[in-house]
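Down below is the structure, laid out as C-alpha cells.
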Amino acid sequence: YPWLNSHFNDAYLRFMVWRGVALLGATHVAVLGDVFSYQFLPNEEFAARIERFRWCMRPASGLPVVVIAGNHDIGYGSEQTDFM
C-alpha cells in the first residue's frame, strides 16, 4: 500500500512541524535534503510532491522555511547539471 505509506508519512511530518512550531516557539524551519528526489521525475509527479510538501509545512506558514537540497534532489555525479 504505497499510497498509505505516503499519506501516513505526510500526516506525521505535518504533525511534527506543528508540534515543533507550537512547543519550541520556532522562528524558522530548516528542511535538510532529499525532500523531492527530483531525479528524472515527470513534471506532474514533481508538482504533486511540491503540493504534498506545502500541505505538510502549512503549520509553519508565516515562518521562513529554508530547504537545503540533498544529493537525491539534484542528482549524482555525472547526472548533475548547472541547472539542477
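The values are calculated or read from the model by the stated rules, or taken from the named source; none is laboratory data. Being a predicted model, the structure only gives us computed values, none of them experimental. Positions of Cβ are generated from backbone atoms using ideal geometry, with glycine treated the same way; all protein chains shown enter the neighbour counts. What goes into the accessible areas is simple: the full protein's heavy atoms, side chains included, and nothing from ligands, DNA or RNA. Shrake-Rupley method; radii C 1.70, N 1.55, O 1.52, S 1.80 Å.
Considering only chymotrypsin sites (Phe, Trp or Tyr not before Pro) in DSSP loops that have at most 13 other Cβ atoms within 10 Å, the longest stretch of the chain without any of them is 1-39. Across segment 21-31, rounded Karplus estimates of 3J(HN,Hα) from the backbone phi angles (6.51 cos²θ - 1.76 cosθ + 1.60, θ = phi - 60°) give 5, 5, 7, 9, x, 4, 10, 8, 10, 10, 10 Hz, Gly and Pro being marked x. Scalar couplings 3J(HN,Hα) for segment 8-13, obtained by applying the Karplus form with A = 6.51, B = -1.76, C = 1.60 to θ = phi - 60°, are 5, 4, 4, 5, 5, 4 Hz; x denotes Gly and Pro. Taking 7 Å steps out from each Cα toward its Cβ at ASN5 and SER37 produces label points 0.8 nm apart.
A simple spin-label model places the labels of ARG54 and VAL29 1.3 nm from each other, with each point 7 Å out along Cα-to-Cβ. Taking the 1.4 Å solvent-accessible surface of the chain as the whole, the part contributed by carbon and sulfur is 62%. Think of it as helices only: each DSSP H run of n ≥ 4 in the chain is worth -39500 (n - 2.57), and spread over all residues that comes to -16000 deg cm²/dmol at 222 nm.
Quick check on the chain: take the gyration tensor over C-alpha atoms, sort the square-rooted eigenvalues as a ≥ b ≥ c, and tell me if it's rounded (a/c under 1.5), prolate or oblate. Judged from the Cα gyration tensor, the chain comes out oblate (a/c at least 1.5, b/c at or above a/b).
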